[in-house]
Amino acid sequence: QVQLVESGGDLVQPGGSLRLSCAASGITFRFYAMGWYRQAPGKQRELVAVLTSGGSTNYADSVKGRFTISRANAKNTVYLQMISLKPEDTAVYYCNARVMSTDYWGQGTQVTVSS
């Protein structure tokens, strides 16, 4: 059974930092492209960052220079380091694992940026 479990979401003030984690089980982690998506209230889910099995990254323009995706294959875990957080970063953040046409999703973790 495949599981993606996110953690690290919290309430943080503007300008603050958070690190999200996503622990995967039930997949051969190193073969999967791992990504973070987010969905704000009333908006569609959008890509935040992706890290392929080969180490290539892709970021949404809105987070470039502020967010960093990384992975620890030995721990089956992907991270999202977020700095200089803005109120518009408020959303539920979802972990995604993808290989070819197969997608798995986590349950999401809430990030709220507010003073």
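The values are calculated or read from the model by the stated rules, or taken from the named source; none is laboratory data. Not measured: the values here are computed from a predicted model. Reconstructed Cβ throughout: ideal geometry from the backbone, glycine too, with neighbour counts over all protein chains shown. Heavy atoms of the whole protein, side chains included, go into the accessibility calculation; ligands, DNA and RNA do not. Shrake-Rupley method; radii C 1.70, N 1.55, O 1.52, S 1.80 Å.
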Practice prompt. Take residue 94 and decide whether it is open to solvent by 20 Å² or more (accessible area, probe 1.4 Å) and under 10 Å from the mean Cα position of the chain (by Cα).
Written response: yes
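Here is a yes/no grid of residues against (1) without any contact (Cβ under 8 Å) to a residue 12 or more places away in the chain; (2) in contact with an Asp or Glu (Cβ under 6 Å, 6 or more places away or on another chain); (3) within 24 Å of residue 41 (Cβ to Cβ); (4) part of a helix (DSSP H, G or I):
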position: 53; (1), (2), (3), (4): no, no, no, no
position: 58; (1), (2), (3), (4): yes, no, no, no
position: 74; (1), (2), (3), (4): yes, no, no, yes
position: 85; (1), (2), (3), (4): no, no, yes, no
position: 93; (1), (2), (3), (4): no, no, yes, no
position: 96; (1), (2), (3), (4): no, no, yes, no
position: 107; (1), (2), (3), (4): no, no, yes, no
position: 111; (1), (2), (3), (4): no, no, yes, no
Worksheet item: If you go through the range 18-46 one residue at a time, how many are surrounded by 12 or more Cβ atoms within 10 Å (Cβ to Cβ) and either of a type in the set (D, E, K, R) or not in a strand (DSSP E or B) (or both)?
Response: 9
Fill in: Failed item in (1) under 26 Å from residue 26 (Cβ atoms); (2) touching a residue at least 40 places away in the same chain (Cβ under 8 Å); (3) open to solvent by less than 50 Å² (accessible area, probe 1.4 Å), with residue 49 passing the rest
(2)
Discussion item. Condition first: over 15 Å from residue 78 (Cα atoms) and in contact with a helix residue (DSSP H, G or I) (Cβ under 7 Å, 6 or more places away or on another chain). Now tell me which residues in the range 1-45 satisfy that.
Written reply: 14
Worksheet item: Which residue, of 109, 68, is polar (S, T, N, Q), under 21 Å from residue 5 (Cα atoms), open to solvent by less than 30 Å² (accessible area, probe 1.4 Å) and within 11 Å of the chain's Cα centre (by Cα)?
Response: 109
Worksheet item: Of all residues in the range 52-64, which are open to solvent by less than 80 Å² (accessible area, probe 1.4 Å) and not aromatic (Phe, Trp, Tyr)?
Response: 52, 53, 54, 55, 56, 57, 60, 62, 63
Item to complete: Kindly provide the set of residues from the range 85-105 that are modelled with pLDDT under 95 and under 17 Å from residue 1 (Cβ atoms), ordered by number.
Response: 99, 102, 103
